[in-house]
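Where a number appears in this text, it was derived from the coordinates with a stated rule and is not lab data. Values in this document were obtained by computation on a predicted structure and should not be read as measured data. Here the Cβ positions follow ideal geometry from the backbone for every residue, glycine too, while neighbour counts run over all protein chains shown.
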Amino acid sequence: MKILGLQKLTLLDFPGRVAAIVFTGGCNFRCPFCQNSSLVLAPETVPEISETEFGDFLRKRQGLLDGICVTGGEPTLHADLPEFLASIKDAGYLVKLDTNGTNPDMLESLLANRLLDYVAMDVKASPENYARVCGLSDPAGRLLPNVRRSVELLKNSDIEYEFRTTVVKGLHTANDFEEIAAWLSGCRAYYLQAFRDCPEVLMERHPFSAFSDEEMRDFLAIVQKKIPQAALRGI
């Protein structure tokens, strides 16, 4: 596994746990609001952290960290992800995976082999708006069925998980959240999180911005009609 970044401490990314974050490269989406554009567009330009260095980090943090968050990019694109997660588990850590849900075969295998303790899956938009939000021409025909299958795998799993949507003015409308709420109804956890601009946003000179806190609460009210436990994050 090529490790292209390591955040040595987070108190936010793995709910209820003290953790570190490992970043992988490459992604099959081109979300114009993505905040990790170098990992998506040019992972070969990002300095790599050696397996030895990461192994030393795991050994030194035993007893101090609860878990490791594996994010990207899209980690499930890498065939050696199971072996990588197994090495983290063998070192005594819990594993959280961030994914866009487009590789349900990999997700199903990881769940079956008990290599995951928590999954955060991005649900980008309503089905009819997925292409635009993901920066692809036709994910409804190619990738959206996989996303739907991953949603069902998690809803029927026995591990902790969450679904989440980064809410972007210029990409989302109230209709997205009406449709997402119907789609994810019955899930255990769903979060709306506010878009944050940064120099790494994939689309240069983009038109996007965050919705106001009041607008975010309005979207939450829509979602809570179907998912009462849904919550806001980042406002």
Isolated cysteines for the chain, Cβ-Cβ cutoff 4.7 Å, are Cys27, Cys69, Cys134, Cys187, Cys198
Any residue on another chain or 5+ positions along whose placed amide H is under 5 Å from the amide H of Ile3 is listed here as Ile49
Count of lysine pairs, the stretch 67-190, Cα-Cα under 28 Å, sep. 8 or more residues or interchain, comes to 5
With the label point 7 Å along the Cα-to-beta-carbon line of Ala182 and a cut-off under 16 Å to each amide N, the hits in the stretch 217-233 are 222-227
Per-residue Cβ contact counts at 10 Å, fewest first, order His206, His172 as His206, His172
Footprinting proxy, Ser150, Ser87: sorted fewest to most Cβ within 10 Å, the residues are Ser87, Ser150
Among Ala182, Gln7, Cys134, the residue whose Cα sits farthest towards the positive end of the charge dipole of the chain (+1 at Cβ of Lys and Arg, -1 at Cβ of Asp and Glu, taken about the Cα centre) is Ala182
Per-residue Cβ contact counts at 10 Å, fewest first, order Leu11, Leu6, Leu192, Leu115 as Leu11, Leu6, Leu115, Leu192
Note: Glu53 to Val18 extended length (0.36 nm per residue) minus current alpha-carbon separation gives 10.6 nm
In debye to the nearest 20, the charge dipole size for the stretch 5-233, taken about the Cα centre with +1 at each Lys and Arg Cβ and -1 at each Asp and Glu Cβ, equals 400
dims of the stretch 130-235, Cα set, principal axes, largest to smallest, nearest Å -> 42, 34, 24
Residues other than Asn36 with Cβ under 13 Å of its Cβ, Lys/Arg counted +1 and Asp/Glu -1, net out at -2
One finds the C-alpha centres of the stretch 201-231 and the stretch 179-197 to be spaced, in Å, by 9
In debye to the nearest 20, the charge dipole size for the stretch 54-186, taken about the Cα centre with +1 at each Lys and Arg Cβ and -1 at each Asp and Glu Cβ, equals 240
